[in-house]
Structures are given as structure tokens and as C-alpha cells.
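S.K.: Just passing along the structure, written as C-alpha cells.
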Amino acid sequence: MGQVIAKPSTLRTNIILTNKSRAGILAFMKDEQAFFHLQKSFVVHIEHVQNTAKDEMAATLYFGPDENQSLSKVLDGCVGVMNCVVKYDGLLATNFRVLSSGVPVHTNRRLKTTIEFAINASNTVGLPIELHNTIRQLPIAEERSKYVQKRIASWEGYLSIQERDATMDDFRATFTDYKCNENFTYMTIAINGIKEKEWQKVKGLSVKIQGAKEDLGTVIKSNPKKKTVEIELRPFIQSQLRKDKWHPKTKELVFSNFATLSQIRRLRKGFSDLEKGLAANANLEKILFEERPRINQPKKKVSLDFDNRLNEFQREAVAGALSAEDLYVIQGPPGTGKTTVISEICQQNAKAGLRTLVASQSNLAVDNALSRLLSNKDIRILRYGRTESIEEEGKRFIEENVAQYWREQTLHDLEEELSRQTDNTALLDEKIAKKETELQGLRSEIESLQKKLEEQKRAEVEVEATQQEIKELKKKLGALRKESREAEERLEAIIKQKTQEEQQIREFEELLGQYGSLSHLEELEVQKQSEKASLQKDISYLNNKSELEKAEHALKNARLAYGEWHEKHQALQKAQQDVESCGKIQELQGIMEKNGIQPNAKIEWQQQSFERIQAQMFGYTEWKEVRERLFSAIGYLEGKIGPSKSEEIQKQVEAQAANGYSSYAIREIDSAIDHFKRFLVDTKEVYVNQLYVYLERLYNRRIFVDEQFGMLENQRQEIMRLFHMMKEEAASLVSYLLNASLQHKSSLMNAGNRWKSEVEQLQQRLPDSSEEDKELLPLEELKEILAGQERDLQELLAHKQKIQITTPKIEEIKGQLEHSLIEESEISAQLAEIKKESQKTNEEGLAQEKKLKALEELLREDVTRKLDYVKEAIQHVEVAIADLQHEKQQLPIKQELQKQWHKLLLEASEHDLDEIKKLYVNHANVIGTTCVASGRKEFMDNYPTFDVVIIDEVSKATPPELLLPMLKGKKIILVGDHHQLPPLIGDDTLEETLKAMMEENKELDETNELKKLLKESLFERLFKNLPKTNKQMLAIQYRMHEKIMDTISPFYENEDDRLQCGLEDSDTARDHFLESHFVKRHNHLLWVDTPNEKPYLEEQMKNGKSRYNPGELDIIRDMLRDLDHATEMAISQGGLEAGVKKSVGVISFYGEQVKKIDHLIQQELQLPNLHLRTGTVDRFQGMEMDVIIVSMVRNATHKGGDIGFANDYRRLNVALSRARELLVLVGSTEMFTKRAKRKESRNMYSHLLQVVKEQKGWLNHEGNPVVRK
Amino acid sequence: MLNELEKKLTEQVNKDPQVKILSVSRWCFPVQTVECIFHPVKRETMDILMKMILLSVQKAEIKDPKELSDLLLVEELFVLDLLQKLMRKGLVEKEVYYQLTVKGERQLENGIYEEEMEEETQQLLYSATHHLLLSGDMDKVDRIDELPEPFKYASEETIDLDEMEIIDALQKTREMQEEEDQDEEKVQTFITSIDSKKTIQIHDVPCIQYVLYNRDSDLLYVRVWNTLTDQWDENLENMLAAKDLLDFRREYLEKE
């Protein structure tokens, strides 16, 4: 068998030694050269070490003794450790020392590799980059350890719980007396000499007689008052007692907690192994401690052939588990076939050559899982553990029994094989015959192939000839094509010529035909000429006439224009005079407007100035008038007063005026004058002096008036000046216009004269009007006619010329045409000939091509190769036949051997089985054990790692317990159900233990952590946080009747899949066939309700904390009798087979009640038709029975009453899900649905009662249906 | 003799003050002496799988381990292990087929050499009531002169145990004897089949039955001392508990 061994990649590196490391090495060898040459290469485990120098890496190299044998001899079997700094020129060893041989060299943080060390200083090997890189990529081991240390501290609480009483020394006691129970399983011993403290701790300890080899057993109860302990005895002691052979030599007992301590030690070692990186899967720490477990993506889903019949969820789970890389989690509610899934995974692993560990918290679960594995040669199961704690189902697989198991299996297989022997001979003959037929077929194929080969040879020659021929034909065809092309060209030319000639002749004859003859044509010509002349004459007359009309019209216009001008000119002359005479500006404007004289810029400016000043001259006339009145009044006064006095007054006034200034309105002046006049009129006698005053007043006013008037007068003069200037300007404008007008006059005169002479001339040119005044067509038409005539004439002339030229040539053309026709027919004939020839050649060529193709086809087939194949096939068949014949020849020998083997196996001795056992154990591939046992040293040594670790009932184990098997798995598969019960510690639930711990020591750090874990177990956290690819819930249950399942469905409502019933027809599959007082055939769920009164109330034993309920016991007694009887009836009526026993489990939330039930069953009842089992709900997890009776116990009337353990939905879930056919609850509905303290609990039990009611299963304590409104 | 025994047992039972003896009775159950005749064989202790491999290699033409695995219906891994071991030891070599070396031939010859020994006879004790072979000193029982009345559930059916079970018992007895006079290391004797077996005698084995009551725990139970096996007989106790316990209760307790 050529095994392929991967070539180990050896790295070669330089090594440099410091003095210290050299000294370390020299302690073992004379010189370092020799040391590194001990082996050509060394297997080392490299660890990446934290280094203080930032830019340098450090590594530690571990040399394992097993892998380095020569080195190991020198190191005395120890592990070599070399500290190094990783340099580019090699490894710099800083220290070398050894560790004891037991220290593990392989961890998941170290890299295992083979290294060849070059020690020579002058060596230029250096350090391979590859090595540098791989070290760099390694995790720094200390960091990982610290990480684990930190996280795992939170699990310490579990160990603290167990260690609570464990850290103590052994202690001794003397005993006087002992007594055994009825079947020697327990012993009660009265002891002396242990302290009060020790009494508290004695429970759970192992006991032995001082000096004896074997333990007696374990203390399960202690009674300090009576000074007795009760011991559960080991089987060996039990049998000694039965024989009355247990006679201890001393009366001294030793109590020891060795078992507990060693268990805790194992758990703690699990912690440190994880910390040291000894987990088979390096990813384990991240799976356990990261909030979201970090897992590697599963590889592609494998497709599988399943050995068991699986439903979709189970298939999904198996396929998922096999595809997963690190971790797969399966949630299995009650009865959903977890064990089938586990068994299938084991089988698939075995097929793939993998080794599987099946671990569980309890022995029962391990045995259960192993017993379901199919008997199959691929699977070699080994059950590891203490024989006495292994259940019957698992015992077949314990080390001492496996050989026997194997022997039975092999015998069975052999017998089957031997029974087939005659068939085998026939089968072989048949096979040989078949092969021979095949051989014949192959041989005839050879013949036909050889014939074909010859044909091919012939064809090869033919091909060549044909190809030659084709070539020539192609050549000929080429020549013909050329010829044909030339002929076609010639023909084309001839036809073209012919057409031309025909055209010429046709045209000539047509032309001649148009006129009849040449002379006729000439006559026509003369006629046309004369018509043309007459037309031309008419046209010239009409032209002259129209010109005259035009000239006369122009003349008339010229005369009219002159008349207009004359009028305008006269108007201008008048305007000239008007301007000179005009006195007002409005007048001037009117003149200008009237004669269309545009005012130029100068006039416009003057006009604007005029208007502005005129506006300022407001009141000129008034001032002028008032001045005149004033002057006349003054004149009057001066006259009266006399000049000298007047002059004096005037001077006086003028002097005053020079000093001041007075202003007066016109009205005031008027009234001053009027005042004076009235004075003159009214005063009869006027004194001169009185007049002085008036004069003075008037003088004063005259100064102001003079001033005012002077100003206005100036403005008036300015206006006048402006008006004058405007007039002058207007005048000059008019005279300019007059000059222009005069010039226009002469041009008008000239035009008139010109048109006058034109008219005269034209009148002369026109013939006598009377003669020419005939009807004529309009001029334009005439012109058109003339043009038409001219065109006709021209055509006529052209025709004439053509006829004259062509007439002599026409005969010649006709001769040519005749010639062309002959030539055409000749060439056509020639062409047809060529075409025919070409076609023939072409056909010939095609035929040849076809032939060639066929030949080539024939040649293409690789007959030689086929021939080789067939020859090879023949060889194979011949070998096969030889083999078969060999087999046939061997068959009797082998059969003989098998018979012999069968005989030997039958007679196998202890020794034989022992040898087989060794082989079996060596090659065992499914190993079952409990979690804690998987941490035993012996087991660790034998089975350090597994390809796959499956842990069942995960939710029942504490994380430290789970860690032990997990450490060993490259892949881990967890199976559990977090809706069922959490771990027990000893006999107590975690809750109880925690409560006890907190009472003892409230400061305990771990309690918080534990509380958290209580809320959400490791399993639950993993299941919730893993991606879909790494988990599966099994959602089809096969255990319970559908109606029983309804009671637990609510617990799984929040999962991805609803819990379904896989039974096709529950009523058929889970028919209990029972018909009794309590139970009707159709009942599958009953609640026997007890009243909230004595004797149905809970009670407590004097010195125990557990509870019992006497009333419920009575009901259970009646119920069991009833069931036993009903079973008997069912058998007699044929519903159940004779000898069948109904399996009935009676369970309770309380241990004390279970004890009472046990007593009841053992002592008071004889139930031959029932197979009974009792236990607490917690202990019943994982089991199933046909009928389950749940005694609920709690029932109290006082206010403090509650339902205790029954509050936990997980406990209720377990209790409800044990029954296959019938579930009977016995307890007070009042207590559980109404009086329970917690609201959730009341709701939970109310829902349960609702389901019971719906199924008409609510009975009173006498077993009659409860009827309520 | 039985009186003495009863006295001793009563004393023992009475050690527990809570236990009250409700009744003591004596009865007998039948034990058959079954005589088996067989021819043991003597052979060297070469284990059978190795022997079969050597034999197969010698007689058949075996090319590879798979063939051998198919022939013997034994896991290929096992075959591979053993073949390697045999080749290492120089017992087997391989050219085209595996074959034995001279050394191998010699070893095999020794291994399969079986010497049929002289006919032997051995007697076994069988209780149909127990449906078991019992071991004990019948001579001692025979010396008891009293003979109480027969046990109500006694059975005298002839032995119908599996032959393997009987051979095992015979073999064990032989081995115990051989251990005493073992000189040769590697040679052992084996019983491969039983030539004949027949019941040659029926003994009556007296028993003392106690019906006990533990007042403390209201527990009624039965103890039966078997004078052949010289111990409290669990089988008989269980049989009585299952069949008579309620009657006992009725008889002894309800009267009070």
C-alpha cells in the first residue's frame, strides 16, 4: 500500500548563541556544535513571546522528547526550552533550560515545525523569511492566557459552590454498631468521636474502614442527634454482607472527600488547560467567552446518505453538524429524537474515519445515546467510566465487554456469510461467464478494427490521386472562365454597336417621314419666313405707340408740378412780408407754421428765453399804471407845495431811504393815493403842512415804484430784443427757402421742355393713324408668337441640314448593321459552348471532392488508438477473469478458512478476547463517557483529542463540567434544551445552592455572576447568538400524544419553529387501551383536582425541609390500582398483548413525596400489570413512560402558602413531557391557578388547566368530572 | 444444625432494634446435580485472530489487507495492525501474495497444535427455581439431617441453560483447578463442546425464611438464608416479596 506522506517542510535557520545559552547547552553536551548536530533536524514547537524591545520579536522553542529521540537521550527525557530573539541573521538564543517530561509541548498557540540549525558563525543562512512571518502571525501566548484567565474567573462561582465544604482534611470516627436495610443497599452506622462541625460536612463524603482497600460507600444522610450516618453501599460490600462475610477488623471509620476534591481538581485543571492553550480547538476560548461567539464559517454543506430515518429538522441538524467547523448547537425539546441525531452524527463520523466523543452530564444519557447506535462494522463503541455506575445499555461497551460484543457481532456476520456460500460459487461462475462474453465481444471488435485499418491504407493512396485530379480540373475550369469572360465582353461591345446603328437608321427615317421630302421642307421654310416678317412689323408699331402715351403723360405731370411750385413760391414771398410786419410772437409762429418753415435751433433757443423772461414779467402793466397815478399825484402836490420845498422834502426822503428800505404792494400804493385824494376831497381847508406829509409819503412810495418798474422795464426791453432777433432769423429762413424755390423752378421748366420735344418726335414717327388703326393682339402675345415662329424655323433648318448630311451616309450604316448582326450570333454560339464545357468540368470536380471527403472521413477515425484501447480492455478482462478464476479457486479454501474462523471464534478464550479487546480499544471511534470522567488523567492520556465531541443534555451541566469534554474536541456539538432543567449541584438545584451560599456569606463576589448564569445558561446564550448555519432546533416530537404535547407547546412559542407532533395518528399510535373509573379510553390528559382542605394539604416532616401530601398519596393509591386493573382488562380484551406491562412513572416536585410513593408501591400495592418507576421531576428528565402521574404536593390554606419548586416553568415542562399515552396531574387547581404568589405561575397553571378543560380531563378528587357553570 | 443457624441469624437480625421478626419458617428447594461429559483440548495460547491471519496467509492467496478483511469479516484496521506486527516479527512476508516465512510456519504449527485430552466429567449444581447454576458446598448441605417441607414456588424442570453458559462454568472450575498445578506457560486447555449432560441427583437445600418489619419506616420485607450458597439469597427474597408481600402485610400487620 503506497501511503502518501506529505513531505515535511524543514526550515533551515542560522542560530547564534549568547554566553548564557551556551552555558545552558554545555550543561548537557561538550560543545554546542555537537549539540545541534545530534539530529539533522529538530521538531520544535514555537511560541510567540511578548518582548520588551519593541522592534524585535521573541520566541521560545520547545523540543519535545517524543519527537526528538536523539536529543531526548541527552536531555534525559526532559523537554528542552530555548528562548530566542528573532533576528534577520538568525535566531539569537538567549537561554537554554529543560522542563520535566510531563510538560506538554504542543498547545494551540504554538507552531509545530521542523528546523535545521546552522551553527557555523561564518554561515550565511540567516533566518528564512517564512519563519519570521509565521512567528509574527502566531498569537502572543501570554496575552491569550491572560484573556482566558480574566474571562474564566466568572466561572469560579461554580467551583466555589462545590468547594464550599470540600476543603477539609480526612477525619475519623469509631463505630459500635451497624445495621443494613432490607436489601443490603444501605447501612446505618452509629458513630462516635466526630466534632459538631464535622457532622455538618459529613454528608456526601466517602467512607471506608481504616486500613481497608475499598470504600464502603458514600454518606447520604447524617443524624447528629442519634449520632448515625446512612451509607449507600458499594456492590462489593453489599455482596459481602449478604454472605455474612463482612467482618471489619477495626472499628474505625475514615471519612474523606477525596472524590469531590478530585472532581473539583479536574474541573480546575480544565480551566488551566484552557488558559495554557491546550484546547484541541484554538477557537474554543472565543466561542465560550465572546458575547457573540466567534466561529469559523462552515464549509459547504455536505450531502449525506443517512443511516437512520430522519425528519427534516434532524437531517438539517446532522448535515449542519457535519459541515460546521468549530461548533454546532442542537436544541432538542422532549421526545424530538436527539439521541437519533447523535447516533447518526457518530455513524457519519465513523464512515469518514473520524473519532467521536459522546459526553454527557449523566451516565444514563451516555448509555442511552450509545445504545441507539446501529451495530455496524464501521463503528467501534467504547464506554469509559466506573462499571458500577454504567447502565445496562452501556455495559456492552465497557472495556471488559467490548471483545465479547465484537465476537458476537463477528459471529453473526460470519454465519450470514457462510449461509451464502453456495450462492457465492454460482455468482462467481456467472461473473466469469459474463466476463468471457465480454472478452469475445472485444475480440470481434479487434477483427473489425483491423479490417478498417487496411481500408484506411488503401484510401490513403486514393486520396492522393483524387487530390491531383481535382487540382487539374480546377486549373481547366479557370481557363474556361477566362475565355468565357472575354467572349462575354466582346458580345457586349457588338450589341452596343448594333444598337447604335439601328438607332441611327431609325432616326433618319423618322425625320424624313415627318416632311415627306426635302423640297417640301424648303417650301415650308419660305412660308415661315414671311410670317415672321409681318409679325415683326406689328410689334414695332405697338412699341412706338406705347412710348408716345408715356411721354404725353410725363409732359402733363411736368406742367402740373410747375403750377404747384408757382403757388408755393408766391406764398413764401408773402410770408417774407408778413414776418417783417408781425409784432407778436404768436403771429410769427403762425406764419412759420402756415408756410411749413421749420424753426431752427437758434429760433428755438430764442423762443425759450423769451418765454422764461415773459413769465418773470408778471404785473408789468399794473406797476406801469400805479406809477402813472403816483406821478400825477406827486405832480399835483409839487404843484401845490412849490418846487423848493418839494425838493427839500425829496432830499429828506432820499436821505432816509439811503438808511432803510421800505417795500409796498400795488394795492397799498393805490390806497395811499386814494387816501390822499379822499383827504383832498374831504378836507375843506387844506394846510400846506398837511400836504408835506402826503408828499413825503408819496415820495417814499415813488422810490420803491421806480425801482420796481425799472426792473420790469429792463426785462421788457430784453424781450423785445429777443423778439426782434427771432423775426430776423425767420426772415432769413424764408429768404433761403425762396432762393431754393427759384432754383427748383428752372429744373421744372427743363423737364417740361424735354417731355414736350419727345412727344413731338414720337408723333412724327407714328404712321398715319387711320391706316394702322386695325385690331391687333396685345403686344406680349405677339412677342410670344414670334418667338414660337423663330423656334420652328430653327428646327426646320436643323432638320434640313441633318437630312442633307445623312442622306449620302445611310447606305453605309445599313451595311455595317448587317455585319454586326452576323458577328453577334457567332459570339453567342461560342459562349454557349464555353459554358457547357465549364459546367461539365465543375460537375466532374464536385464528384471528385465528394469522393475525397468520404476517403478523408474514413481516414479520420483513429483506428490504431481504438485498437489499443480494445487490446487494453481485453487485457483488463483477461486479468479480471484470471482474478475471478483465482477467486473461484480460492473460494473453497476461503470458505474452509471462514468455517475454521467461526469455530475458533466460538471457542474463543479469555486470552483471545483480551487480544481482540486491545485491538478494539485501539481503534475505538465512538467513545462515551460523562463530562467529568472525560477529565480523568487516564482518559486524557489515552484520548488526548477527538475529531468531534458531542455533548448531550448540555443544559444540565455546569460550564466547568462542559469545559472538560469541550477541551478535547476539534469540533464541538452541543445538544440540549434550555427550556428543561438547569444543572443540579449534588441533590440541590443551583437556585437552592445559591440561596444557601448567600445566607452563609453575603459578600461573595461570584454570586452576581452566578445569578447571571442562572438567568441565561451557556447553552442558551450560544443557541441564541449563533448564526443559523450553526444551530438547529428539532421541532418534531414523537413521544407524546398530541394532546399531551399541547401542554408544553407554550414553552417553545418563542422559538423559530413551533413544536409539532410527528405521530401520524396520535390516537392510534398512543392508544393506552385503558378504560377505568379515572381514565376513559379517549383521555390522554387528566387533572385530578384536590380540595384546599385536609387531608389534601401539604405537610412537612419534623426535621426535614421537603414536603409531602397524604391526600394525594391516597388518590395515587386508588389511581394505581385502577390502572393495574384496567391494564389487565385491556389484555383480556385483546387491546394489549398478554404479558405486556404498562410502564407508569409516578413523579413529584418533592423528594419526600417520592419516598412515600415508593413505600406505597413496595409495601401496600401489588401491581403485576404495571412496570413502575418513581422519582423527582428533576431525576426524571430524559426518561419516558406510557403513563405519568404527577403529584404536585403544594396545597396550603394559610396566606404564606406558595408553590415553591413548581414555579419554575422548566420543571413543569419536564414533568409534563414524560408521558407517551397518558398524563395525570394530581393537585389542587385552586392552589396552583389562584393562590400561587407569582402572577406568571398562576397564568402558567391556568393555561394548563384550560388545556385540561378543553380535553374534558378535569376530575374531582373522587375521579368524577368537575361540572361548573 | 439448622437450629443453630437460625439462632445465629436471628441474633444478627435482632441487632436492629427497629426490626421486628414477624415470622420464621424453614423450607427446601431442589437443586439438581448435573453431570457433564466433555473432552477438553490443549493448545498453545496464540490468539485466534492472529492464528486466523497466519492460516489465511498460509492457505489462501491474499494480495492485500482488504481481501483478508473481507474474508474474516474483521475490520481492515485490525487486519492491518496485525499484518504489520507479523511482518515486523518476520513471520509473514509479501511478494505477490502474503506468505509465511519459515519462522511463521513453525509458529503456526505450534499454534494450531491441539491435543484432545481424555474424557472428563464435571458436576454442576442447577436450580430450576432460580433458573441459575449455583455454587456451594453440597456435601455440607447433605449433612443437614433435618428436611423441612418443600418451597411453595419450587421447580424441578431439567436444565435449559445456553451451552455457552454451561461451558463457561465448566471452564471456570477447570481453570481454578489448573491454577493450582500450572507449570507450562503457554499451553492452556479449553472445553470446546459438551458431549453429554444429565441430571444425576436432586438435593433438597434447606432455607430459613424471615418475615421482618421495620417499624420506623413501616417497611415489611423478607430475608431468605440459602444454606447452599451460604448467604441471604436475593433471588428468593425478590420472588417472595413480589408474590407474598401483601399477604404478609395482611396476615401480620392488619391483625394487630
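The values are calculated or read from the model by the stated rules, or taken from the named source; none is laboratory data. These numbers were taken from a predicted model, which means no experiment stands behind them. When we count neighbours, we look across all protein chains shown, and the Cβ atoms used for this are built from the backbone with ideal geometry, even at glycine.
S.K.: Residues of the range A:1156-1199 being part of a strand (DSSP E or B) and within 14 Å of another protein chain (Cβ to nearest Cβ), which ones? Before the answer, list the steps.
M.R.: Pass one, the range A:1156-1199, residues part of a strand (DSSP E or B): A:1170-1176, A:1185-1191.
Selection gives A:Leu1170, A:His1171, A:Leu1172.
S.K.: Exactly one of (1) surrounded by fewer than 13 Cβ atoms within 10 Å (Cβ to Cβ); (2) at pLDDT 80 or above is unmet by A:Asp773. Its number?
M.R.: All conditions are met except number (2).
S.K.: Still on this model: Can you find even one residue in the range A:483-505 that is among the small types (Gly, Ala, Ser), surrounded by 14 or more Cβ atoms within 10 Å (Cβ to Cβ) and touching a Phe, Trp or Tyr at 6+ places or on another chain (Cβ under 7 Å)?
M.R.: No, because not a single residue in the range A:483-505 is among the small types (Gly, Ala, Ser), surrounded by 14 or more Cβ atoms within 10 Å (Cβ to Cβ) and touching a Phe, Trp or Tyr at 6+ places or on another chain (Cβ under 7 Å).
S.K.: Hey, another quick one. What are the residues in the range B:210-232 that are more than 8 Å from chain A (Cβ to nearest Cβ) and aromatic (Phe, Trp, Tyr), if any?
M.R.: Passing the criteria: B:Tyr210, B:Tyr213, B:Trp225.
S.K.: Still on this model: Just checking, does the range A:932-942 include any residue being hydroxyl-bearing (Ser, Thr, Tyr) and in contact (Cβ under 8 Å) with a residue 12 or more places away in the chain? Please lay out each step first, then the result.
M.R.: Of the residues in the range A:932-942, the ones hydroxyl-bearing (Ser, Thr, Tyr) are A:934.
Okay, now just the ones that are also in contact (Cβ under 8 Å) with a residue 12 or more places away in the chain, so A:934.
Yes, that holds for at least one residue.
S.K.: Could you grab me the full set of residues in the range A:887-927 that are within 19 Å of A:Arg396 (Cβ to Cβ), within 9 Å of another protein chain (Cβ to nearest Cβ) and in contact with a helix residue (DSSP H, G or I) (Cβ under 6 Å, 6 or more places away or on another chain)?
M.R.: Of everything in the range A:887-927, those that are within 19 Å of A:Arg396 (Cβ to Cβ), within 9 Å of another protein chain (Cβ to nearest Cβ) and in contact with a helix residue (DSSP H, G or I) (Cβ under 6 Å, 6 or more places away or on another chain) turn out to be A:Leu905, A:Ala908, A:Asp912, A:Leu913, A:Ile916, A:Leu919, A:Tyr920, A:His923.
S.K.: Turning to a different aspect of this structure: Which one of these is charged (D, E, K, R) and modelled with pLDDT under 85: A:Lys995, A:Lys917?
M.R.: A:Lys995
S.K.: Just wondering, is there one or more residues in the range A:1102-1118 that are more than 30 Å from A:Gly1200 (Cα to Cα) and in contact (Cβ under 8 Å) with a residue 40 or more places away in the chain?
M.R.: Yes, the range A:1102-1118 contains at least one residue that is more than 30 Å from A:Gly1200 (Cα to Cα) and in contact (Cβ under 8 Å) with a residue 40 or more places away in the chain.
S.K.: Run A:Leu267 past the list (1) of a type in the set (A, V, I, L, M); (2) under 25 Å from A:Asp170 (Cβ atoms); (3) surrounded by fewer than 20 Cβ atoms within 10 Å (Cβ to Cβ) and report the number of the one that doesn't hold.
M.R.: With respect to (1) of a type in the set (A, V, I, L, M); (2) under 25 Å from A:Asp170 (Cβ atoms); (3) surrounded by fewer than 20 Cβ atoms within 10 Å (Cβ to Cβ), A:Leu267 is out only on (3).
S.K.: From the residues in the range A:1066-1085 that are touching a helix residue (DSSP H, G or I) at 6+ places or on another chain (Cβ under 7 Å) and more than 19 Å from A:Glu1137 (Cα to Cα), which one is surrounded by the most Cβ atoms within 10 Å (Cβ to Cβ)?
M.R.: My answer is A:His1084.
S.K.: Among residues belonging to the range B:1-17 that are more than 14 Å from chain A (Cβ to nearest Cβ) and in contact (Cβ under 8 Å) with a residue 24 or more places away in the chain, point out the one that is surrounded by the fewest Cβ atoms within 10 Å (Cβ to Cβ).
M.R.: B:Met1
S.K.: Tell me the strands (runs of 3 or more DSSP E) entirely within the range A:151-233 that contain at least 3 residues that are touching a residue at least 40 places away in the same chain (Cβ under 8 Å) and either surrounded by 15 or more Cβ atoms within 10 Å (Cβ to Cβ) or away from chain B (no Cβ under 14 Å) (or both).
M.R.: Strands (runs of 3 or more DSSP E) meeting the threshold: A:171-180, A:186-192, A:206-209, A:228-233.
S.K.: From (1) more than 30 Å from A:Ser757 (Cα to Cα); (2) in contact with a Phe, Trp or Tyr (Cβ under 9 Å, 6 or more places away or on another chain), pick out the condition that doesn't hold for A:Lys594.
M.R.: Status for A:Lys594: all satisfied but (2).
S.K.: Examine the range A:593-606 for a residue that is among the basic types (Lys, Arg) and farther than 24 Å from A:Glu707 by Cβ, and state whether such a residue exists.
M.R.: Checking the range A:593-606: at least one residue is among the basic types (Lys, Arg) and farther than 24 Å from A:Glu707 by Cβ.
S.K.: Taking the options A:Leu278, A:Leu241, A:Leu267, name whichever one is at negative phi and within 14 Å of chain B (Cβ to nearest Cβ). Let's see the steps before the verdict.
M.R.: On the way: A:Leu278 fails: within 14 Å of chain B (Cβ to nearest Cβ); A:Leu267 fails: within 14 Å of chain B (Cβ to nearest Cβ).
Testing whether each residue is at negative phi and within 14 Å of chain B (Cβ to nearest Cβ) leaves just A:Leu241.
S.K.: Which residues, taken from the range A:7-62, are polar (S, T, N, Q) and not in a strand (DSSP E or B)?
M.R.: Within the range A:7-62, A:Ser9, A:Thr18, A:Asn19, A:Ser21, A:Gln33, A:Gln39, A:Ser41, A:Gln50, A:Asn51, A:Thr52 qualify.
S.K.: While we're on this one: With B:Thr189, B:Thr229 as the choices, which residue is touching a Leu at 6+ places or on another chain (Cβ under 7 Å), surrounded by 16 or more Cβ atoms within 10 Å (Cβ to Cβ) and more than 14 Å from B:Trp27 (Cβ to Cβ)?
M.R.: Matching residue, one of B:Thr189, B:Thr229: B:Thr229.
S.K.: Out of B:Lys20, B:Lys42, which single residue is assigned to a strand (DSSP E or B) and at pLDDT below 85?
M.R.: Of B:Lys20, B:Lys42, the one residue that is assigned to a strand (DSSP E or B) and at pLDDT below 85 is B:Lys42.
S.K.: From A:Lys836, A:Lys840, A:Lys809, A:Lys851, grab the single residue that is in contact (Cβ under 8 Å) with a residue 40 or more places away in the chain and not aromatic (Phe, Trp, Tyr).
M.R.: From the options A:Lys836, A:Lys840, A:Lys809, A:Lys851, the qualifying one is A:Lys851.
S.K.: Let me ask something else about it. For the range B:63-155, which strands (runs of 3 or more DSSP E) that fit wholly inside it have 2 or more residues that are aliphatic (A, V, I, L, M), within 28 Å of A:Glu907 (Cα to Cα) and more than 14 Å from chain A (Cβ to nearest Cβ)?
M.R.: Per the criteria, B:120-127, B:132-134.
S.K.: Only one residue in A:Asp1071, A:Asp1067 is at pLDDT 90 or above, farther than 29 Å from A:Asn1207 by Cβ and assigned to a loop (DSSP other than H, G, I, E, B), so which one is that?
M.R.: A:Asp1071
S.K.: Hey, another quick one. Looking only at the range B:235-255, decide whether some residue is charged (D, E, K, R) and touching a Ser or Thr at 6+ places or on another chain (Cβ under 9 Å). Before you say what the answer is, go through the steps one by one.
M.R.: Residues of the range B:235-255 charged (D, E, K, R): B:237, B:243-244, B:247, B:249-251, B:254-255.
With the extra rule that they be touching a Ser or Thr at 6+ places or on another chain (Cβ under 9 Å), the set shrinks to B:251.
Yes, the conditions are met somewhere in the range B:235-255.
S.K.: Looking at A:Asn68 and the list (1) more than 29 Å from A:Asn281 (Cα to Cα); (2) crowded, with 16+ Cβ neighbours inside 10 Å, which single condition is not satisfied?
M.R.: Every condition holds for A:Asn68 apart from (1).
S.K.: Using the structure shown, decide if B:Glu237 is closer than 26 Å to A:Ser239 by Cβ, assigned to a helix (DSSP H, G or I), at pLDDT below 85 and not aliphatic (A, V, I, L, M).
M.R.: Spelling it out, it is not the case that B:Glu237 is closer than 26 Å to A:Ser239 by Cβ, assigned to a helix (DSSP H, G or I), at pLDDT below 85 and not aliphatic (A, V, I, L, M).
S.K.: Restricting attention to the range A:84-116, which residues are under 45 Å from the mean Cα position of the chain (by Cα) and either under 19 Å from A:Gly277 (Cβ atoms) or part of a loop (DSSP other than H, G, I, E, B) (or both)?
M.R.: Correct list: A:Tyr88, A:Pro104, A:Val105, A:His106, A:Thr107, A:Asn108, A:Arg109, A:Arg110, A:Leu111, A:Lys112, A:Thr113.
S.K.: OK, next. Kindly provide the set of residues from the range B:24-40 that are surrounded by fewer than 17 Cβ atoms within 10 Å (Cβ to Cβ) and either within 30 Å of B:Leu9 (Cβ to Cβ) or within 12 Å of another protein chain (Cβ to nearest Cβ) (or both), ordered by number.
M.R.: Keep residues of the range B:24-40 that are surrounded by fewer than 17 Cβ atoms within 10 Å (Cβ to Cβ), which gives B:24-25, B:33, B:35, B:37, B:39.
Of everything in the range B:24-40, those that are surrounded by fewer than 17 Cβ atoms within 10 Å (Cβ to Cβ) and either within 30 Å of B:Leu9 (Cβ to Cβ) or within 12 Å of another protein chain (Cβ to nearest Cβ) (or both) turn out to be B:Val24, B:Ser25, B:Thr33.
S.K.: Is at least one residue of the range A:486-500 touching a residue at least 24 places away in the same chain (Cβ under 8 Å) and among the hydroxyl-bearing types (Ser, Thr, Tyr)? So that I can check it myself, show each step before the final result.
M.R.: Of the residues in the range A:486-500, the ones touching a residue at least 24 places away in the same chain (Cβ under 8 Å) are A:487-488, A:490-491, A:494-495, A:497-498.
Retained after the next criterion (residues that are among the hydroxyl-bearing types (Ser, Thr, Tyr)): none.
No, every residue in the range A:486-500 fails to be touching a residue at least 24 places away in the same chain (Cβ under 8 Å) and among the hydroxyl-bearing types (Ser, Thr, Tyr).
S.K.: Can you name every residue in the range B:47-62 that is more than 9 Å from every other protein chain (Cβ to nearest Cβ) and surrounded by fewer than 20 Cβ atoms within 10 Å (Cβ to Cβ)?
M.R.: Result: B:Gln58, single match.
S.K.: While we're looking at this one, here's another question. Out of (1) surrounded by fewer than 18 Cβ atoms within 10 Å (Cβ to Cβ); (2) facing chain A (nearest Cβ under 8 Å), what's the single condition that is false for B:Leu245?
M.R.: Of everything listed in (1) surrounded by fewer than 18 Cβ atoms within 10 Å (Cβ to Cβ); (2) facing chain A (nearest Cβ under 8 Å), B:Leu245 misses just condition (1).
S.K.: Out of (1) in a helix (DSSP H, G or I); (2) at pLDDT below 90; (3) under 30 Å from A:Leu327 (Cα atoms), what's the single condition that is false for A:Lys903?
M.R.: All conditions pass for A:Lys903, except number (3).
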